[in-house]
1. So which residues in region A:18-66 are modelled with pLDDT under 85, open to solvent by 30 Å² or more (accessible area, probe 1.4 Å), polar (S, T, N, Q) and more than 23 Å from A:E241 (Cβ to Cβ)?
2. I'm checking my understanding of the structure. Among residues of region A:392-410 that are open to solvent by 10 Å² or more (accessible area, probe 1.4 Å) and out of contact with any Gly (no Cβ under 6 Å at 6 or more places or on another chain), which one is farthest from A:D454 (Cα to Cα)?
3. Could you tell me whether A:I384 is part of a strand (DSSP E or B), touching a residue at least 40 places away in the same chain (Cβ under 8 Å) and within 20 Å of the chain's Cα centre (by Cα)?
4. Identify all residues within region A:477-489 that are in contact with a helix residue (DSSP H, G or I) (Cβ under 9 Å, 6 or more places away or on another chain) and either outside any helix (DSSP H, G or I) or at pLDDT below 75 (or both); write none if there are none.
5. From the list A:K256, A:K291, which one is outside any strand (DSSP E or B), open to solvent by 10 Å² or more (accessible area, probe 1.4 Å) and touching a residue at least 12 places away in the same chain (Cβ under 8 Å)?
6. Only one of these is open to solvent by 10 Å² or more (accessible area, probe 1.4 Å), at negative phi and in contact with a Gly (Cβ under 7 Å, 6 or more places away or on another chain): B:R194, B:R167. Name it.
7. Which count do you get for residues in region B:1-14 that are modelled with pLDDT under 95 and open to solvent by 20 Å² or more (accessible area, probe 1.4 Å)?
8. Within region A:368-389, which residues are of a type in the set (V, I, T) and within 14 Å of A:Y341 (Cβ to Cβ)?
Amino acid sequence: MSELKLEAKDGIDQETINSVKSLGESYKYGFTTDIDMEYAPKGLSEEIVKLISKKNDEPDWMLNWRLEAYKRWVKMDEPNWPMLNYKGIDYDDQYYYAKPKSLEKKPKSLDEVEPALLETYAKLGIPLKEQEFLAGVISPENNKDTKPKKVAVDAVFDSVSVGTTFKDELEKLGIIFCSISEAIKLYPDLVKKYIGTVVPRSDNYFATLNSAVFSDGSFVYIPEGVKCPMELSTYFRINAENTGQFERTLIIADKKSYVSYLEGCTAPMRDTHQLHAAVVELVALDEASIKYSTVQNWYPGDENGKGGIYNFVTKRADCRGANSKVMWTQIETGSAVTWKYPSCILRGDNSQGEFYSVAIANNYQQADTGTKMIHLGKGTRSRIVSKGISAGKAQNTYRGLVNIHPKAANSRNFTQCDSLLIGNKCGAHTVPYIENKNNSSRTEHEATTSKIDDDQLFYCLQRGINEEDAVALIINGFCKEVLQALPMEFALEAQKLVAISLEGSVG
Amino acid sequence: MFEIKDLHVNISEVEKKIINGINLKINPGEVHAIMGPNGSGKSTLSYTLSGKEGYEIEKGDIELDGESILDDEPDERAAKGIFLAFQYPIEIPGVGNLSFIRTALNSQRKFNGKDELNPAEFLKILREKADYLNVDMEMLKRPLNVGFSGGEKKRNEILQMALLEPRFCILDETDSGLDVDAMKQVSKGVNSLRSEDRSFLIITHYQRLLDYIKPDFVHIMAKGKIIKTGGPELALEVEDQGYTHLLN
């Protein structure tokens, strides 16, 4: 293990720092929806776990699964190894279940959904009507340049799923796309077979917590040989105050199938911190391919570090089949604290894992993120491209593990970690762990740290490009490789989001 | 008309006075060359004129058509028609050359109240100019100046100049690092841009470049001042006898 700590030197002019300052000021999704909510009592206990299970009308096996997780969790300690400095979370002072009252009975169609909820999603630019539409986490006015495309959406509001679009069209192909609470009831065999097989209940503190109290999330099953004809997406919205969101996503791509899945998240601006602890499990069987893209834009807190989401997420893919492939792409712009390592277990021979990440931390944001590539099968390949951008007083850490087991002959890894610093009060850290136990396998690691320098800025200015546009241009250039890994329509949105996150007034 | 009036400049970082009272009047259509030994303040002059941060004007003025541009930001000066061809063009990874030039052109058009060019319109104009300057499309698709040879970088500067159509062009040691063929090519580009309403300030160490780009005036700069002004023959004199006899 080696650690690199670098800080920017003086030199960048004050105006750049000013123009780059507040993420909080320009957070466009900070509104709250005033709606009648039903809460479970505050705090966490066996009773609460039972209540959540009952609310979801779950079978006994599911309840028992949760209870076992809960029993384990109470004996566990919050991890203290990340490079994160935050006030401890009071697990007894928050709600674990919050549901709009109008969703007491799940609406059969969108016409039955409460208008305030529909308005919320309209305001966020998320299409809940089955139109040809672009999903994104950026408001719809930005969408006019792009060609509309079908995107199926599962919308999760606080603890429950509001609705899922294009279900019927997908069903014709045998594709299952629904909330996980529905899947537990309708497809118990599939859920039982796969849940917890990628991220076990005992995996880590936050995953175990999630296993006990997850309330909803998305479920996807792509049958053998089917190429999913549209992007699937889940849009997570935290609205209620003092409420944690614990969603669980399970995606199974059967043999020779393909799916591209998008995930977006936002939350209102609040003074208090809120916890988000999700689990995502992906299973790729023989020759299956999953592309999972995230645009994480939770409320980051204000420019003084007040409020913001604590984002502790466990995401893992199991490339179980030979020649299977999983590609994670993440644009992490939000949250006060991010702790997240989307990983691949490359179990099948010749399976492939890829991780493309842009993590932006501004003001007092802290990000400790990266990936794990576990090479078990022969001829497995992985590629990691991580771009960390720090501004303000933020701390940004890349933490990654590449592990090649003795049996993983002829495997390859390539890792590239680049950090960009804006201003001189932020920090970038790179913590790569590389373990190669097979002589025929190779790993490569490249890391750079740079800052936007005055010469680059002046060159742009001298050509007539104003300072804000120049910063956006340079940053997007820095992230280009990752932005290109996103589905095309989404990449344009993400590019704009990157600019907005760092510039206050651009966009 | 471009006019420099009794200009005195300090470099803030080192608190050192570099320019000690320069007066220069450049009429539309004129080509002026500034020659001088190392450390005479030539590059400082080009950065000061284009508005780079860190060059503090102690005294004097810079005027474009009778109006001071001292309060204008570098991007505003650029949009008003001041172009600097850099001695060392800057590399910006991940930013396509083509999209950079288009962004620059459209930013300037926007500033001047003109419609932005759509990609098709832009490409048409770009192709014409690129052909003439022997810049191939492959070079336009690469990231800005990244991995460009010395000659490619300078040709790319002249291409930007051709597209942005400035009124006042500063060439800062454009000949440095160029072989004879590359210098001819760059000069051909510059000559094609000479016109009645465009003027040039060419900063160079050597007379060689002035064989290809014929100046109307040659100024010798030393210790932050213009110490002698003449016609093209002054450049030949420097080539022949060096700077020393002029300095004494």
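The values are calculated or read from the model by the stated rules, or taken from the named source; none is laboratory data. All of these numbers come straight from a predicted model, not from anything done at the bench. We place every Cβ from the backbone using ideal geometry, glycine too, and count neighbours over all the protein chains shown. Heads up: the accessible areas ignore ligands, DNA and RNA and are worked out on the full protein's heavy atoms, side chains in. Shrake-Rupley method; radii C 1.70, N 1.55, O 1.52, S 1.80 Å.
1. A:N18
2. Applying the filter and picking the extreme gives A:K407.
3. Working: part of a strand (DSSP E or B): yes; touching a residue at least 40 places away in the same chain (Cβ under 8 Å): no; within 20 Å of the chain's Cα centre (by Cα): yes.
No: the conditions fail for A:I384.
4. Hits for region A:477-489 are A:Q484, A:A485, A:L486, A:E489.
5. Working: A:K291 fails: outside any strand (DSSP E or B).
Being outside any strand (DSSP E or B), open to solvent by 10 Å² or more (accessible area, probe 1.4 Å) and touching a residue at least 12 places away in the same chain (Cβ under 8 Å) holds for just one of A:K256, A:K291, which is A:K256.
6. On the way: B:R194 fails: in contact with a Gly (Cβ under 7 Å, 6 or more places away or on another chain).
Testing whether each residue is open to solvent by 10 Å² or more (accessible area, probe 1.4 Å), at negative phi and in contact with a Gly (Cβ under 7 Å, 6 or more places away or on another chain) leaves just B:R167.
7. 6
8. We begin by selecting, within region A:368-389, every residue of a type in the set (V, I, T); these are A:369, A:371, A:374, A:380, A:384-385, A:389.
Across region A:368-389, the qualifying residues are A:T369, A:T371, A:I374, A:I384.
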